[in-house]
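Below is one structure; the comments refer to it alone.
The values are calculated or read from the model by the stated rules, or taken from the named source; none is laboratory data. The structure displayed is predicted, hence computed values, not measured ones. Neighbour counts are summed over all protein chains in view; Cβ atoms, including those assigned to glycine, are modelled from backbone coordinates with ideal geometry. SASA here: full protein model, heavy atoms, side chains in, ligands and nucleic acids out. Shrake-Rupley method; radii C 1.70, N 1.55, O 1.52, S 1.80 Å.
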Amino acid sequence: MPSESKNPDPFKELKWSDLQDWAGGKATAKGIKYQEEERVKEIKRTSEGSLVALVEGTTEYFTEVSLENGKLSSICTCPVGHNCKHGVAAVLEYLERIEQGEEIPVIAEENPLIARARRGYAGAEIFGVYEAEESSRTLREYLEQIEKSELIEILMTFAKKDTMLGRYLRARQNLASENPEEIVVGIYSELDELWRETGGYDFWSSEGEDVPNFSDVQVRLESLLDSGHPDELLDIGKELMDRYDGIVEYDDEGDIGTKISSCMDVVFRALSQSSLPAHEKMLYALEIELKDNYNILNEHLFWKEDFTPEEWMLFAEALKFRLKDTEKINNLLYDSSWERDYVVERLIDALKKAGLSEEVIPICELEAERTGNYLRLVRELLDSGQTEKAEKWIYRGIKESREDKPGPAYELLQILLEIKENDGNWLFVAALETENFFKFPHLTSYIGMRKAARKIGRWQEIREAALQYLRNGELPASKAKITEETSIFPGILPKTGLLKVDSLREIKPPALDLLIQIAIQENDAEEVVRWYEELKKSKGEAERYWNSVSENEIANAVKSKYPEIAIEIWKKLAEDLISETKVSSYEAASVSIRKVKQTLEAIEKKEEWEAYLRELREVNRRKRKLLQILDMLREDRIISE
């Protein structure tokens, strides 16, 4: 990081490596481009010494960059929110200006530039909403003062310029003179035409410019709703969802799904305004959600509306009736298990809001028996304080689902672990964690096993057994004698009642990737090198292992004791990336190259670094973007003294 200096301006001490350490290679490269394109439109300093700037991106972004104790940090109103390309551009713009002798003014804390930068991304969104609301209020006040004839002229003028507004006004005009049913018939006719277009739409090669246009349908829906006909939209909403289900497999990019989603936003607004009783509105919303197999619907606020307990009760009764009707053919609620689970979740929510919480657990028990959803039942039992009963269901759930549904079984195990930890039963926790490691040998399960084993003072024995297993595949207990009534580690750990011999993972020893990860985690450079050398010798097997162990992690772990090995790894990583001949790969390669530089300089081999840099430049002399990145690595400071 930046070195100490008597210079009162610490930004002058910055190196290119400081920018990359702070924002990353990709953001640094983009920040350089932004500064070169003169996107930094305004830059100032605060009384605290930070930089504040207005940077032009997709829109205007405000950023503040601080440098304290040699460490850069920034906040920004862009979606990234901090340590981004806009901050990098601001730093580079500042350094260029002061190198040219320009004085950057210091502004007061109340300056709007500071205030906007410090809002960050979330604050910018809130400010944007506030601005939009304020703008809408001001516009309404203005329109209310305009004479009718002038307002008509404005609308006519902009209806010609804005086709969406024009279509909306014409639809409202038609509704004033026609029966709403005729408008509805027109919408269905338009849908028929759109689906004929959809049949000829090239989903595979089109990039979106020829997507069938649903804007007329949306405008007509809006006009129906605004004219006081919300009920007419509900059947159209069902039709839209059903029709999309027929073509969704071709809509890979979701272009048509996005158009239909915008129409469904109008339908959900209509639902809230419709004449249906509240519980029937809920049933409609649920039906639409169950049709949404591909998550095209936007988030809506319908379920957050202020329904009464009586309305929730009616909805709950309707759902209970449908769930009991299991023999009914083509019942929407039973098309798939996820749909039934979703309906049950809505039922539970409704019962609680209706003040009928005592009905929740019996329903969850029945559903656990029918569908195997033990997780929901266990969580409800724990929430109601019935821990002992929850444990019984956890055991049953794990045993019945570990073969076909390993994911839920694992979640149940984690809940059991949490219960035992809260009880302080670390001996039992150690037994569960140790079984889990031998079922799923992974660094995460190793760390969990270590934590519990240390609590009971038996880590050394358990660690040696685990490493022995990874080296030669030998289990701590005889596989032939393992049953649910035995311990994974007889004489040290208790039985859990969950041990199953065929659930223990058979590995092909040595498990080089995991042995390396463990050695890295335990800061054992000698073991890292030992297993890394074995990994390189394994040749054909090496590819399988590289999927789960990072060479960069290996290099970082051994650089202090074995710098030459680390340098060899980083050179290979960098050169492999450079061979991809992509700018993004050059940026990624620069991280490894810089580590080569830092390591060689740390062991007083600066000449070797300079020779390596010359070699890279010569071999890649035609790669202009790469040479620019290498120039940054060659220069120590961004600006000269």
Which residue pairs have Cβ atoms closer than 6 Å, lie 6 or more positions apart in sequence or on different chains, and pair a first residue in region 222-249 that is open to solvent by less than 10 Å² (accessible area, probe 1.4 Å) with a second residue that is basic (K, R) and in a helix (DSSP H, G or I)? S223/R172; M241/K291
L514 meets each of (1) surrounded by fewer than 17 Cβ atoms within 10 Å (Cβ to Cβ); (2) within 20 Å of A557 (Cα to Cα) with one exception, condition (1)
Please work out which one of (1) more than 27 Å from Y34 (Cβ to Cβ); (2) at pLDDT 80 or above is the condition G101 fails and give its number. (1)
Residues in region 427-449 that are open to solvent by less than 50 Å² (accessible area, probe 1.4 Å) and free of Cβ contacts under 8 Å to residues at least 40 places away in the same chain total 7
How many residues of region 574-595 are open to solvent by less than 40 Å² (accessible area, probe 1.4 Å), in contact (Cβ under 8 Å) with a residue 12 or more places away in the chain and farther than 18 Å from L19 by Cβ? The answer is 2
S503 is checked against (1) more than 30 Å from K399 (Cα to Cα); (2) buried (at least 16 other Cβ atoms within 10 Å of the Cβ); (3) modelled with pLDDT under 90 and fails just one. What number does that condition carry? (1)
Could you say whether any residue in region 289-305 is surrounded by 17 or more Cβ atoms within 10 Å (Cβ to Cβ), of a type in the set (K, R), within 29 Å of the chain's Cα centre (by Cα) and at pLDDT 95 or above? no
Give me a count of the residues in region 250-278 that are over 29 Å from the mean Cα position of the chain (by Cα) and surrounded by fewer than 20 Cβ atoms within 10 Å (Cβ to Cβ). 7
Please go through region 450-462 and pick out each residue that is open to solvent by 10 Å² or more (accessible area, probe 1.4 Å), touching a residue at least 12 places away in the same chain (Cβ under 8 Å) and in a helix (DSSP H, G or I). R450, K451, K455, E461
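Answer yes if at least one residue in region 611-623 is under 30 Å from D9 (Cβ atoms) and open to solvent by less than 80 Å² (accessible area, probe 1.4 Å), and no otherwise.
Yes, the conditions are met somewhere in region 611-623.
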Among the residues of region 118-137 satisfying the criterion of being open to solvent by 100 Å² or more (accessible area, probe 1.4 Å) and farther than 30 Å from S66 by Cβ, which is modelled with the lowest pLDDT? E133
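In this structure, is E526 of a type in the set (D, E), surrounded by fewer than 19 Cβ atoms within 10 Å (Cβ to Cβ) and within 33 Å of the chain's Cα centre (by Cα)? It would help to see each step written out before you state the result.
Values: of a type in the set (D, E): yes; surrounded by fewer than 19 Cβ atoms within 10 Å (Cβ to Cβ): yes; within 33 Å of the chain's Cα centre (by Cα): no.
In short, no.
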Scan region 525-539 and report the pairs whose first residue is among the charged types (D, E, K, R) and whose second residue is assigned to a helix (DSSP H, G or I), with Cβ atoms within less than 6 Å and a gap of 6+ or a chain change. E527/A519; E534/L512
Being farther than 28 Å from C364 by Cβ and part of a helix (DSSP H, G or I), is that true of even one residue in region 388-411? no
Tell me, please, whether a residue that is modelled with pLDDT of 80 or more and surrounded by 12 or more Cβ atoms within 10 Å (Cβ to Cβ) can be found in region 138-154. yes
Near pairs, Cβ below 8 angstrom, 6+ apart or cross-chain, from region 90-114 (under 11 Å from A53 (Cα atoms)) to any residue that is open to solvent by 50 Å² or more (accessible area, probe 1.4 Å): L113/E42
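Evaluate region 456-473: report whether one residue or more is of a type in the set (S, T, N, Q) and at pLDDT below 90. Write out each step before concluding.
Step one: of region 456-473, the residues of a type in the set (S, T, N, Q) are 460, 468, 472.
Filter again for at pLDDT below 90, leaving none.
Looking through region 456-473, none of the residues is of a type in the set (S, T, N, Q) and at pLDDT below 90.
Residues to consider are L633, L600; find the one that is within 25 Å of I32 (Cα to Cα), open to solvent by less than 80 Å² (accessible area, probe 1.4 Å) and of a type in the set (A, V, I, L, M, F, W, C). Step through it out loud before you land on a result.
Values: L600 fails: within 25 Å of I32 (Cα to Cα).
After applying the criteria, what remains is L633.
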